[in-house]
Amino acid sequence: MTLLPFLLSVQSGDWDLRRTMAAGDKAAYLMLPPETVCGAQVIQMIWSPDGRSLVLGRLTTDVSPSQAAALVLQPSSNPPHQNNAVVVWNLATRTAKTVFSAPVALTRIDDIQTMPGSDRLVIEVTETTRGLNGAPDRRSNGALMVSTGTGATTRLSAGSPDDAFVEATYLSPRRPLGGLVRYEGRKASVRFFGPGGRLGPPVSLPGRTPLRFDAQGFPGYVGNTGVGLKGPMGFHRLDPTTGRLVSESPFPVPTRAKDGTLLISSAERAAMGLEPAEPATGLRTMALDSPAPSGARAPTVMLLVPGGKPEEGGIVSTDGVRPLLSPTKEAVAYLNQGSAMVRLLAPIPREAYDKALMEAAKREAVNKAKQIGTGILIYASDMDDVLPGQDVDLRRTLGPYLKNDRLLDGFTYTFRGGSVESVERPAETELGYVSGPGGRAVVYADGHARWVPDVP
């Protein structure tokens, strides 16, 4: 569905409220129809820090139906050729392109990271070098930097084929800065790099301390502060150009619960470089298993707005997993049977949601009244064209003529009874009504129903 027919369907009321909107106490969001970003099999999915693009790691298999059948019959036959690729989907243009691709047999993608403030990706890989003259294959870990604009690839690290050391890359969550950390025995060192991919000189880290970034995105490590490193734990900020210590920031002393548990807020954890701060909006997604009609558990993705009631959450997908909200809250991505899907989000006033909710209730009441009217007329045709009177048990009388006798909940029957022929103006003669917000859905003797607002 394109955007124009979708908006027309919203205006006409031909849509499902919970599959289209999510609301909170002060705001609401309109969820546009899902779009396919990338086909199966997606193994990793991340948003760029600026929210402008979705980065996906994908595994593809070159195999025909006949080859697949042959593999089932003869599992020992040659396996199909597999490639892994990195695909970038642009939120503005809603187009995707492959920026990196390699055979799985030679290069396996282990992790993908995005560098803020740039178009660079850092890809950690495991590379296989074929052994010559019967020698065993050799595997090593490495890191590559890829430009999403040009696809140019820069090698940051070739790793170590004999496991003499291990290298890992860390990227700042807020700045175009990364660090390549080498762990060798009980020692650790870091070499900083920017979008150009040029590595700086090695800087020693105490012991095997991991590299961290503080709330402002500056690099450093966690350790004791003060003279002789005997003071409280804190964050040691490093200058990435020189590797020298810039400052020491002792952590706030966390409070303890009655059971002795440390109570550390999200803001404090962010200050410690342990995790990013919670988003201010509070808009979030949730993946859960819900009962399907077959009795099995179906994966469901929900969009939840702060202050919203459970029934005001939006259903993003009834067959989705691993939801991922964009940093700008403009879209939510998720996986559907291995394919990447995206639904764009448009903020709307809470009043618009309330109006849509009221209109949906009116439509439901009119539809309900129309079904009851059809049941009444079918009953009359079986009773020699005699309509029910006021003294009948409607649920017992009309139940067999309705799909569900619960349709009668909230229905008021007002016709006094008599034959169909005795009704002079069927289109104006009321049989009954279903109450709704600000009015009622009235069903008439000819079977049609319409909304009648309350008189002020």
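For region 336-456, the Cα-based Rg and Dmax, in that order, read 18.8, 63 Å.
Give me the Kirkwood hydrodynamic radius of region 300-393 in Å, from all C-alpha pairs, to one decimal place?
Values: mean 1/r = 0.0576 Å⁻¹.
Here the Kirkwood hydrodynamic radius works out to 17.4 Å.
Of the trypsin sites (Lys or Arg not before Pro) in region 211-251, the ones in a loop by DSSP (not H, G, I, E or B) with at most 15 other beta carbons within 10 Å are LYS230, ARG244.
Over 31 Å apart at the Cα level, from the set LYS97/LYS355; LYS355/LYS403; LYS309/LYS329; LYS309/LYS368, are LYS97/LYS355.
Averaging over all projection directions, find the projected area of the Cα convex hull of region 43-142 and quote it in nm² with one decimal place. Mind showing how you got there, number by number?
Details: hull surface 33.8 nm².
The Cα convex hull of region 43-142, projected and averaged over all directions, gives 8.5 nm².
Projecting the Cα atoms of GLY399, VAL423, VAL366 onto the charge dipole of region 353-453, computed from C-beta unit charges around the Cα centre, puts VAL366 farthest toward the positive end.
Remark on region 132-194: ratio of C-alpha radius of gyration to 2.2 N^0.38 Å is 1.37. Equivalent ellipsoid of region 157-234: semi-axes from √(5λ) of the C-alpha gyration tensor, largest first, are 22, 18, 9 Å. Ranked by the mean number of other Cβ atoms within 10 Å per residue, highest first, peptides 140-147, 420-427 order as 140-147, 420-427.
Coordinate-derived values only; no laboratory data. Small disclaimer: the values here were computed from a predicted structure and weren't measured. Neighbour counts run over all protein chains shown; Cβ positions are idealised from the backbone, glycine included.
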